[in-house]
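Notes for the one structure printed next.
Derivation of every value follows stated rules applied to the coordinates shown; laboratory data play no part. Just so it is clear, the structure is predicted and the values come from calculations on it, not from any experiment. For neighbour counting, all protein chains shown are included, and Cβ atoms are generated from backbone atoms with ideal geometry for every residue, glycine included.
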Amino acid sequence: MQTEQLNGVVSKPAYSPVILNPKSRFHLFIAEQAVTGEMQSLFDGCGVEKEIAVYSDASDSRLLESLAAIPLTGTLYLAGTEPFIWRVASHARQAGLRPDQIRMMAPVSRERHLFCCHCYQITEGVTYSPFICSGCGLSLEVTDHFARLHSAYFGYQANAEDCSDMPEKREVS
Amino acid sequence: MSVIDQISVKVSAVRQVAPMIKEFSLEAIDAELVPFSPGAHVVVTMAGAENEPTYRNAYSLMSNPQDNSQYRIAVRLQEDSRGGSLFMHHQIAVGDQLMISPPANLFAPEWMAKKHVLFAGGVGITPFLSYLPELQQRESEFELHYMFRSKQTGAYSDELSETLDKNCNNYDADKGSRCDIAAVMAEQPLGTHFYVCGPQSLIDSVRATADEMGIPASAVHWEEFAGAKPGQPFVVELSRSGIELAVASDSSLLETLEGADIEIPNLCRAGVCGQCVCKVAEGEVEHRDSYLSEPEKQSGQVMMPCVSRAAGERLVLDI
């Protein structure tokens with residue numbers, strides 16, 4: 001898994017180009033909604049035992065079964081949005097995969113899930129900061145701290161000392 | 001010497017547990033021993049008579065981690081001993097005092113594992129003896145593969161096969177029994193972690209087999225306590241004090257510094273923990289550690305004095 005430092009925030013995932021693991025005896029490709037071109041060409045270039053599947057729900061029971069069936073020498077490739085690929089990765093680790101058996105492609109969109117530290121609600125489709133929490137309605141500062149447990153970025157009330165003075169809206173990448 | 005407080009202990013029992021291995025029981029003299037985690041080790045300081053060198057060796061704790069009435073270590077007499085194991089075997093008897101570091105652990109089990117496969121070679125069985133009580137208590141799935149030569153090593157092999165039954169596989173090379181490492185590794189399920197402790201050749205062999213099979217590198221754990229290997233003698237200069245010291249071919253740089261009363265923090269003395277890192281001001285380094293990254297080694301600006309040496313005749317450290 002690629003977790004190098006980016007912009008000084010250690011927890012913000014960085015994604016480097018994905019290549020096939022030449023040592024693996026089995027390759028499982030999982031995409032959210034649709035197989036991306038990048039994943040398709042990896043799959044086509046893979047000469048050993050392989051499977052490819054598309055899911056919309058990262059916790060789909062058939063997906064969990066196929067994760068548990070990966071052999072010790074297998075590699076998992078993930079494509080989709082950031083919350084999806086990290087949630088599948090989390091299930092994969094529960095099934096016994098090591099981080100170095102999981103290869104993630106750069107997320108297909110820059111939309112974030114945002115975790116509210118006040119009401120614990122996760123707001124989806126976040127592209128700018130501050131962003132209104134779908135749970136408690138507070139204006140949340142969107143940080144670059146990514147929580148792998150929640151597959152979401154950490155959010156806290158923007159300028160809590162003076163809520164009438166909101167920071168300027170900015171895009172998050 | 002380590003910056004952490006040392007514990008003074010008394011040898012309460014010595015047992016010959018294999019032709020080349022002695023087991024020592026250690027009890028605290030004026031403090032209580034702390035519980036430790038499976039896989040932990042201590043560094044034993046062996047102060048010889050006047051004008052004799054002081055030896056410091058790391059030994060795995062092999063007693064039950066929950067038992068703080070005593071620590072036990074096992075020492076194999078090394079044929080090419082640089083002094084430490086010879087000292088333990090010939091000089092240490094019941095009632096003698098030793099100084100030990102508090103336990104440190106660089107080889108703890110990965111508790112997320114679905115299954116643990118342990119490869120022990122000779123005296124490399126010791127860290128696993130502290131694993132077993134906890135593996136059994138947690139009802140973890142595990143198998144032990146224990147390779148030894150009964151004419152030299154093989155301590156505890158009878159007890160282990162008796163108590164662990166089919167979870168323990170003994171391979172006595174002196175009776176022609178060999179472990180097929182590839183066959184053992186090939187049939188393991190997803191979520192298995194492998195642990196190796198033993199001679200370098202065994203560690204290399206397990207790692208190479210895993211790599212060849214496509215087993216993730218992060219699922220293979222090993223403990224290198226081979227200690228510093230000898231090399232060419234060289235001179236080290238300490239730029240801040242101007243001190244110059246000669247490092248003999250059979251001494252490590254760390255030992256030489258300690259001999260001159262220069263305190264360098266250290267935990268493993270085997271190039272693994274990273275505590276003793278020193279800044280290099282001048283001179284080429286022959287890196288022998290497994291702590292520094294390749295770019296750090298290439299930079300030539302840092303080194304691990306516990307195992308690494310000068311590549312030339314002279315080295316200047318920024319200390």
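Please compute the Kirkwood hydrodynamic radius over segment B:7-105, one decimal place, Å, based on all pairs of different Cα atoms. Could you put the intermediate results ahead of the total?
Details: mean 1/r = 0.0736 Å⁻¹.
It works out to 13.6 Å.
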Using modelled backbone amide H atoms (1.01 Å from N, in-plane), which distant-in-sequence or interchain residues come within less than 5 Å of A:Leu72's amide H?
B:Leu190
Net charge (Lys, Arg +1; Asp, Glu -1) of residues whose beta-carbon lies under 9 Å from that of A:Arg112, A:Arg112 excluded, is -2
State the dimensionless ratio Rg/Rh of segment A:112-171 (Rg: radius of gyration of Cα atoms; Rh: Kirkwood radius).
0.94
Per DSSP, loop trypsin sites (Lys or Arg not before Pro) in segment B:148-199 with at most 11 further Cβ within 10 Å:
B:Arg178
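In the protein assembly as shown, what % of DSSP beta bridges are antiparallel (nearest 5)?
Values: 52 of 97 bridges.
Among the beta bridges of the protein assembly as shown, antiparallel pairing accounts for roughly 55 percent.
What area, in nm² and to one decimal, does the C-alpha convex hull of chain B cast on average over all directions? Working shown, then result.
On the way: hull surface 67.7 nm².
For chain B, averaging the hull's shadow over all directions gives 16.9 nm².
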Which ³J(HN,Hα) values in Hz, rounded to whole numbers, follow from the phi angles of segment A:11-17 under the Karplus curve 6.51 cos²θ - 1.76 cosθ + 1.60, where θ = phi - 60° and Gly and Pro get x?
7, 6, x, 10, 10, 9, x
How long are the semi-axes of the equivalent ellipsoid of segment B:197-239, taking √(5λ) for every eigenvalue λ of the Cα gyration tensor, in whole Å from largest down?
32, 12, 10
Of every Cα-Cα pair in segment B:115-223, the percent that sits beyond 19 Å:
40 percent
Please list, ordered by chain and number, the residues whose modelled amide H lies under 5 Å from the amide H of B:Ala281; skip anything fewer than 5 residues away on the same chain.
B:Val316, B:Leu317, B:Asp318
Using only Cα atoms and rounding to the nearest 10 degrees, what angle (0 to 90) does helix B:200-213 make with the longest principal axis of chain B?
60 degrees
Sequence-distant residues sharing a close amide H with A:Phe29 (under 5 Å, placed H):
A:Glu51, A:Ile52, A:Ala53, A:Tyr77
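Out of all DSSP beta bridges with both ends in segment B:234-317, state the antiparallel percent to the nearest 5. Please report the intermediate quantities before stating the final value.
Details: 10 of 14 bridges.
Antiparallel: roughly 70 percent of the beta bridges in segment B:234-317.
Which loop GluC sites (Glu not before Pro) in segment A:56-161, with loop taken from DSSP, have no more than 10 other Cβ atoms within 10 angstrom of their Cβ?
Working: sites: A:Glu65, A:Glu111, A:Glu124, A:Glu141, A:Glu161; in loops: A:Glu111, A:Glu161.
The qualifying sites are A:Glu161.
Calculated FRET efficiency, A:Ala53 and B:Asp158, Cβ-Cβ r, R0 51 Å, to nearest 0.05?
0.50
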Over 5 Å intervals from 0, what percent of Cα-Cα pairs in segment A:26-104 sits in each interval?
3, 16, 32, 28, 17, 4
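Do any trypsin sites (Lys or Arg not before Pro) in segment A:1-94 lie in a DSSP loop with no more than 15 other beta carbon atoms within 10 Å, and if so, which? Mind dumping the intermediate values first?
Numbers: sites: A:Lys23, A:Arg25, A:Lys50, A:Arg62, A:Arg87, A:Arg93; in loops: A:Lys23, A:Arg25.
Hits after loop and neighbour filter: A:Lys23, A:Arg25.
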Counting only DSSP beta bridges with both partners in chain B, the antiparallel fraction in percent, to the nearest 5, comes to 60 percent
Residues of B:190-198, mean number of Cβ from any other protein chain within 10 Å of their own Cβ, rounded to a whole number?
3
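For the protein assembly as shown, what is the per residue volume of the convex hull drawn over the alpha-carbon atoms, in cubic angstrom? Could the numbers behind the result be given before it?
Details: hull volume 100.0 nm³, N = 492.
Per residue, the Cα convex hull of the protein assembly as shown comes to 203 Å³.
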Classify segment A:11-54 from the C-alpha gyration tensor, please: rounded if a/c falls under 1.5, else prolate or oblate depending on whether a/b exceeds b/c.
oblate
